[in-house]
Amino acid sequence: MSGGGEIWTSRRAAAALAGEIRVPGDKSISHRAVMFAALADGVSRISGFLEGEDTRATARAFAAMGVRIEQPSASLRIVHGVGLHGLSAPAAAIDCGNAGTGMRLLTGILAGQAFDSTLIGDESLSRRPMRRVIEPLTRMGARIDSQDGGLPPLRVHGGRRLNGIDYALPVASAQVKSALLLAGLYADGETAISEPHPTRDYTERMLAAFGWPIAFAAGTARLSGGHALRATDVVVPADFSSAAFFLVAACLVPGSDLLLREVGINPRRTGLLDALVLMGADITRENPRELGGEAVADLRVRHAPLHGIDVPEALVPDMIDEFPILFVAAAAASGRTRISGAAELRVKESDRIAVMARGLRALSVRIDETPDGAVIEGGRLGGGEVDSAGDHRCAMSFAVAGLIAGGEIRIADCANVATSFPGFLALANDCGFDVG
């Protein structure tokens, strides 16, 4: 096995998956809640905070810039905001770990500060391109130095006067949109962003919750500088991307009936739900409600035979983090599944198209890569050895594949699962997985 790091072995499920579970808090919302609470006037309470390495890295970044953050208990943070202009220069480079969200959004915030700062990350993050953030921020007046190709580390120069921008994103990206809106808090005039396809609107919703005037609709957002953020309490719903592994697992394992509690169902996150239903999945939304300003529901999923589809490209922006597990669903489905319009997968924590294609081929699945997706011939999966390439979502997806494979699957390089889903193994095994 070529991969390094922690190795898992996933085996065929001995029985149906059953019970009720709550996956950890939403990573995207946890990142943003700490950021906005730090920049607000007053004290904010964040409950349901994801205790992952990525989100903790974001909290440490603001602590390094003078923000007092208390942790009375797990998944709870009390943030003593310093106001929009109250951050202080960190004594050392800010380490974002594996968090692309953290680095991109911090770049927008730091572009408006009076001090210089440097953002670094782990080996995986250091290979992820930041040019899509750097270029529009530079148009706003920021000065950001990077390595060749727009790669981290990023040195963000302080003391720059920012001006609002009217910018059409060439590629839909919630992270880039959010970085520009956060820089817009510090800019003179209005910042207006439009997208080729609507992306997650967590930043827009949370800015409004913290009292910043912002106008937004699907695919557009605009705000002006010169206002203030007011402290507020945030309840973080369960993370849909984490729930996705259990949704697909229960679809695939015969006899399964699993209930996932309080899952965030923001429509800009749930493209996988629509794709699975098109494939024949039996998933129902129960007790829909709002939690901390976000739509949530309990998701009940029962086993159902899946069939291949041509995944509608309109769903792609709303499921970009769920494609690894969709590849597994497609490999187990009857017939052919075609995926296109997902070129962004090649510049995530890994080249997810290549990683999933190599792994599924090792499990005797017929799969052809394309520049922006893949064509997958569904059917039986065999056992074998796969390499997750340090990508947490690929590792967990292969763990799901092991539940229905003809033999055990050994998965290399799984340590990074802790970045987004600490406790995955324990929760998975509690509901019927056999992985460890």
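Since every read-out is calculated from the coordinates, none of them should be taken as a lab result. Given the structure is predicted, the values throughout are model-derived calculations rather than measurements. Quick reminder, even Gly has a Cβ in these numbers, built from the backbone with ideal geometry, and neighbours come from all protein chains shown.
Spatially, segment 84-123 and segment 395-436 are offset by 32 Å when compared through their Cα centroids.
In terms of Cα atoms, the Rg and Dmax of segment 202-248 work out to 14.5, 46 Å. Counting Lys and Arg as +1 and Asp and Glu as -1 over every other residue whose Cβ lies under 12 Å from the Cβ of L425, the net charge comes to -3. The 3J(HN,Hα) values that the Karplus relation (6.51, -1.76, 1.60; θ = phi - 60°) gives for segment 99-104 are, in residue order, 8, x, 4, x, 5, 5 Hz. Gly and Pro appear as x. Of all DSSP-defined beta bridges confined to the chain, some 75% are antiparallel rather than parallel.
Under 20 Å from a label point set 7 Å out along the Cα-to-Cβ vector of A74, the amide N atoms of segment 399-419 belong to 415-419. Using θ = phi - 60° in the Karplus curve 6.51 cos²θ - 1.76 cosθ + 1.60, the 3J(HN,Hα) couplings for segment 196-201 round to x, 9, x, 10, 3, 10 Hz; x is entered for Gly and Pro. Judged by the mean number of other Cβ atoms found within 10 Å, the most tightly packed of the peptides 385-392, 150-157 leads the ranking 385-392, 150-157. Maximal additional length on extending the A218-E20 stretch stands at 68.0 nm, based on 0.36 nm per residue less the C-alpha distance.
Take the Cα of H85, step 7 Å toward its Cβ, do the same at T9, and the gap between the two points is 6.2 nm. Estimated from the Cβ-Cβ distance and a Förster radius of 45 angstrom, the FRET efficiency linking D257 and R131 is about 0.45. Each peptide in 284-291, 36-43 was scored by the mean count of other Cβ atoms within 10 Å over its residues; highest first, the order is 36-43, 284-291. Amide H contacts for G97 (H built 1.01 Å from N in the peptide plane; partners 5 or more residues away or on another chain; cut-off under 5 Å): D122.
In terms of packing, defined here as the mean over residues of other Cβ atoms within 10 angstrom, the peptides 327-333, 14-20 line up highest first as 327-333, 14-20. Tell me, what is the FRET efficiency for A63 and S334 to the nearest 0.05, using R0 = 60 angstrom and their Cβ-Cβ distance as r? My answer for the efficiency is 0.70.
Among DSSP beta bridges lying fully in segment 27-235, give the percent that are antiparallel, nearest 5. Taking every DSSP beta bridge with both residues in segment 27-235, the antiparallel ones total about 75 percent.
Distance between the pseudo-spin-label points of D116 and L151 (7 Å out from Cα toward the beta carbon): 2.3 nm. Could you state the angle between the C-alpha long axis of helix 53-64 and the longest principal axis of the C-alpha atoms of the chain, as a value from 0 to 90 degrees rounded to the nearest 10? The two axes meet at around 10 degrees.
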